[in-house]
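Here the structure is laid out as structure tokens; the discussion comes afterwards.
The values are calculated or read from the model by the stated rules, or taken from the named source; none is laboratory data. Keep in mind the model is a prediction, meaning the values are calculated, not measured. Every residue, glycine among them, receives a Cβ derived from its backbone with ideal geometry; neighbour counts consider all protein chains shown.
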Amino acid sequence: MKQSSGSEIGTQFFALDDAQLRGIHWRWTLIAALGDYLDAGSIVAGGASLAMWVALFHLSPSLIGLIAAFSANGISTAVGAFIAGRLGDRFGRKFIYSVDLLIYALGVLIVIVAVNATMIIVGYMVVGLAVGADVPTSWSLIAEFAPRKARGKLMGLTNIFWYIGPIVILLLSLAFAPLGITGVRLVFGSLFVVAIIAWFLRRSLLESPRWLYNQGHPEKLDEAVAKLTQNEPSTQMSGISSPKSVKQGGGFGELFSKRFGKRLLFITPLYLLWGIPAGTYGFFLPYIFHTLGAHSAASSDFLEILWFASAIVALIVVFLPLNDRVNRRLLFAISAILCSAAFLLLVFFPISNPTVAILNVLLFGVGQGIGLWPLLRIWSVELFPTEIRNTAQGFLWAIMRLGLGLWSLFLPAMTKALGFTPVAWMLGLMFIYLLVVGGIWGPKTEGVALESI
């Protein structure tokens, strides 16, 4: 399938879109995907350490909700994404990369040396601002250099890192548990080290070739093509002219225009209704299973590891080999059905039953890995053009994490007063919405060049 001949800019990207998938694509994606590792790692580190902070600083349920609401799992991430999304379109993807992980490292450092609840909240907020800026930018960058027939595969790698981060953090939490609060600080110390390493590695990345072309730098596009294609004879490019006018990015005005408004209306509720269940388990799973399910802290950590590991298996076995070649709506629908079943199961059976708990995390883990979460990432970068792609990612992340933050404010008190059954009903119904809307109207974009979507 060729790109639309009606797109003047699209014709400049044949070399990138039709390039063979090479090691450099995987390497650049891996470096960018470290942001996903740090995002999910910080969420789970916050959740895994929650019981320790509660005991150390005598936190009330309302204060627990406040910490969760303003952490990397919630409102501070929304603010970072909203601001940095627009800046990434205005000044480039590497502009965000130059500072965001240094801010992340600062936030983690505040948590490491925290001596009261206020420092915990401030540290979590700073971390949230940084990951809100980083992850949407990473997705834009990956989509803009990926070959069209491997874009989903490379984007899927970001999901794998989003799941690897929590597994590593949980294993470290278990290993350092005998050290008490010192062990918690060591877990956050590991995130500090990874953030500094990732910041250093990203200095070697090139700016997005599509963004550079829109800014009137075709010679930079030549450089990116040479690196990514290794001068394949069938894809060599020369004499690329500048676009007739430099595109600085249409901003929020264009994002909410008639042209893109329907796309935004489609993807935004999907993002929000996915983010609430995922964030609930990402931050609160140990708390839920330990306090409501009568499971030990160690077994709660095991269940969370099983949740993430099952998602990785589903990604590797099903999503990565299939998503660029089959109807993505089918993958999305199957994924949503399994995730919905995971929570409706808890409506009828007690969460304290070990078999029920294991089935819950397996259905949710395998379900999301088959297609739901990776496809939402892919559709969100595909549905908007380069000049507003980062703005769109930032907006979507802001809505998702803002909604999750508000939900987190009330979740501890709500589960304490009513139990988990009403929560399970709500989460299950969210996935029913995802099944209907995404399964029927999800865009058929597999193998299509960005400018043709």
Open item on the list: Just to be sure before I move on: is Val99 modelled with pLDDT of 90 or more, surrounded by fewer than 20 Cβ atoms within 10 Å (Cβ to Cβ) and over 14 Å from the mean Cα position of the chain (by Cα) in the structure I sent?
Closed with: yes
- [ ] Return yes when Ala105 is in contact with a Phe, Trp or Tyr (Cβ under 7 Å, 6 or more places away or on another chain), part of a loop (DSSP other than H, G, I, E, B) and either crowded, with 24+ Cβ neighbours inside 10 Å or touching a residue at least 24 places away in the same chain (Cβ under 8 Å) (or both) and no when it is not.
- [x] no
Open item on the list: Could you go through the stretch 180-202 and let me know if any residue there is modelled with pLDDT under 95, in contact with a Leu (Cβ under 9 Å, 6 or more places away or on another chain), among the small types (Gly, Ala, Ser) and within 17 Å of Asp134 (Cβ to Cβ).
Closed with: no
TODO: Could you run through the stretch 26-73 and say how many residues are surrounded by 18 or more Cβ atoms within 10 Å (Cβ to Cβ), over 12 Å from the mean Cα position of the chain (by Cα) and not in a helix (DSSP H, G or I)?
DONE: 4
TODO: Those residues that are surrounded by fewer than 19 Cβ atoms within 10 Å (Cβ to Cβ) and not in a helix (DSSP H, G or I), I need them from the stretch 146-204; list them, please.
DONE: Gly180, Arg203, Ser204
